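The values are calculated or read from the model by the stated rules, or taken from the named source; none is laboratory data. Note that the coordinates shown come from a computational prediction; the quantities given were computed from them, not determined experimentally. Backbone-built Cβ (ideal geometry, glycine too); neighbour counts: all protein chains shown. Side chains are part of the model used for accessible areas, which takes the heavy atoms of the whole protein and leaves out ligands, DNA and RNA. Shrake-Rupley method; radii C 1.70, N 1.55, O 1.52, S 1.80 Å.
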Amino acid sequence: MLRGPHVSLSRGGPAIADLSILIIVVLAAFGLAGGIGITAIGPGGVLPTVGLVMFTDLTPAQVAGTAIVTHVATGALGTAAYARSGQLRSRQSARTATLLAATAAVGTPLGIVANSLLSPRAFGVVLGLLLAIVAALVLLRQRTDETGASGRTLHHPPAPLVGAIGLLVALAAGIIGIGGPMLTVPLLVAAGTDMLESLAAAQVQSVIIAGVGAVGYVALGSIDWGLAVVVGVPELAGVLIGWRIARALPTRTLRTALVTAMFALAPYLMLHG
């Protein structure tokens, strides 16, 4: 497992008093950036996981459990925000959100089981590969957005495809401890869905993923509640900031920065995980 400088954590998780102020600030920053990414462009929920991997000695199950429990609140807040701004009102948006939520209830427990089979090295490799894949999907989404802006009609994909996306994302989320928007948003937009409606539907899915995942990891005793607070509180603030960015500002610059960071982190995690 990747380690921050001079951080030694037991399998049961550290007391907050045992962590340096610098590490706490860095983990909080990962949470804030992750929250912004969740509602501004979709990918972002993986950043708290990355922070926990890089700066603690938590086991793969503890990393995933601690990260995923923070997405219960972020998913609920994101859902409320996008419901308020109207992206969940159409029948197609509601159908997509419902299908994603239903498949999340099935795929997330399977991911938790798969997590228990991973070594720390394998966990780092999986996380690195996931980062690279998502970075490529975000780039594809950028090209898709540009095509849509030049006249292509945006739509919601058929139900079987939405179900397949939901199951795949929930499985990955259970393994790694991410929320739905990270993978769901790029996949939906690549399939032709409007960006804001994709973000809205993915928030609903993330509530189920996080809720089911949290129950599973609580049963395993794999959640460090202190670190969940350190990461989760700034993550909630980031969710509101990201929602405002998505509705008011172009996200090309933020998207490019996130892609660059993910491509940079992916090989590091795969080599040193």
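For the chain, which whole-number percentage of the solvent-accessible area (1.4 Å probe, protein heavy atoms only) is attributable to carbon and sulfur atoms?
70 percent
With each pseudo-label sitting 7 Å past Cα toward Cβ, what's the ASP18-VAL113 distance in nm, one decimal?
About 3.2 nm, to one decimal.
I'd like to know which of LEU110, ALA122, GLN87 lies farthest towards the positive end of the charge dipole of the range 61-182, counting +1 on Cβ of Lys and Arg and -1 on Cβ of Asp and Glu.
In the range 61-182, that residue is GLN87.
Could you give the dipole magnitude of the chain about its Cα centre, charging the beta-carbon of Lys and Arg +1 and that of Asp and Glu -1, in debye to the nearest 20?
Its charge dipole is roughly 520 debye.
For the chain, what does -39500 (n - 2.57) per DSSP helix run (n ≥ 4), summed and divided by total residues, give at 222 nm, in deg cm²/dmol to the nearest 500?
Helices in the chain give a 222 nm mean residue ellipticity of -26500 deg cm²/dmol.
Between THR98 and LEU139, 0.36 nm times their residue separation minus their Cα-Cα distance comes to what?
Taking THR98 through LEU139 to full extension adds about 12.1 nm, to one decimal.
So which trypsin sites (Lys or Arg not before Pro) in the range 41-94 are both in a DSSP loop and have at most 14 other Cβ atoms within 10 Å of their Cβ?
ARG89
Roughly what would the spin-label model give for LEU129 and LEU220, points 7 Å off Cα along C-beta, in nm?
Taking the two extended label points, one gets 1.8 nm.
May I ask you to give the solvent-accessible area per residue for the chain, in square angstrom, as obtained with a 1.4 angstrom probe?
Here the per-residue accessible area is 40 Å².
Report the Cα centroid-to-centroid distance between the range 112-138 and the range 211-255 in angstrom, as an integer.
Using only Cα atoms, the two centres lie 18 Å from each other.
Helix 21-40: angle to the longest alpha-carbon principal axis of the chain, degrees 0 to 90, nearest 10?
So the helix axis and the longest Cα principal axis differ by about 10 degrees.
Using semi-axes √(5λ) of the Cα gyration tensor in Å as the read-out, say which of (i) 29, 19, 17; (ii) 31, 24, 19; (iii) 34, 24, 16 was calculated from these coordinates.
Read-out taken from this structure: (i).
Could you give each residue of the range 219-228 its phi-based ³J(HN,Hα) in whole Hz, using Karplus coefficients 6.51, -1.76, 1.60 with θ = phi - 60°, and x for Gly or Pro?
4, 7, x, 10, 10, 8, 5, x, 5, 4
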